[in-house]
Amino acid sequence: MKNAYDVIVKPIITEQSMEATEEKKYVFQVAIDATKIDIKRAVEEIFGVKVEKVNTIRMEGKMKRQGAAPAGRRASWKKAMVKLTADSKTIEFFEGMV
């Protein structure tokens, strides 16, 4: 079994994701091979909350180039949107960001 800190890579802090925190929805970058069950267990273990639902999406890396060099690609990654139950507490990490 994976360590919870290996599953959750980092939180995603954008204007849209910060507006979703009012509805107890949080966005994280997760390991590319993590399943929804792995993500749910990791968030519950790290933050001590109850997760209702997990949605995931694989984000394809952007094409990038420098000058005349041939184009390369940034690494692909996986994003998870986590919704907490109504009776669950909020994740304190995100409270100071809004």
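Considering only residues in segment 79-94 that are of a type in the set (D, E, K, R) and part of a strand (DSSP E or B), the one that is nearest to residue 13 (Cα to Cα) turns out to be 79. Filtering segment 21-40 to residues that are closer than 15 Å to residue 91 by Cα and over 13 Å from the mean Cα position of the chain (by Cα) leaves 22, 23, 24. Condition first: farther than 16 Å from residue 86 by Cα, open to solvent by less than 80 Å² (accessible area, probe 1.4 Å) and out of contact with any helix residue (DSSP H, G or I) (no Cβ under 8 Å at 6 or more places or on another chain). Now tell me which residues in segment 17-39 satisfy that. Scanning segment 17-39 gives 17, 29, 32, 35. Number of residues in segment 43-63 that are open to solvent by 60 Å² or more (accessible area, probe 1.4 Å) and either in contact (Cβ under 8 Å) with a residue 40 or more places away in the chain or under 24 Å from residue 33 (Cβ atoms) (or both) equals 9.
Within segment 70-96, restricting attention to residues that are touching a Gly at 6+ places or on another chain (Cβ under 7 Å) and free of Cβ contacts under 8 Å to residues at least 24 places away in the same chain, the residue that is nearest to residue 39 (Cα to Cα) is 75.
The values are calculated or read from the model by the stated rules, or taken from the named source; none is laboratory data. Keep in mind it's a predicted model, so treat the numbers as computed, not measured. Cβ coordinates were reconstructed from backbone atoms using ideal geometry, including for glycine residues, and neighbour counts include every protein chain displayed. The accessibility values were calculated without ligands, DNA or RNA, using every heavy atom of the protein model including side chains. Shrake-Rupley method; radii C 1.70, N 1.55, O 1.52, S 1.80 Å.
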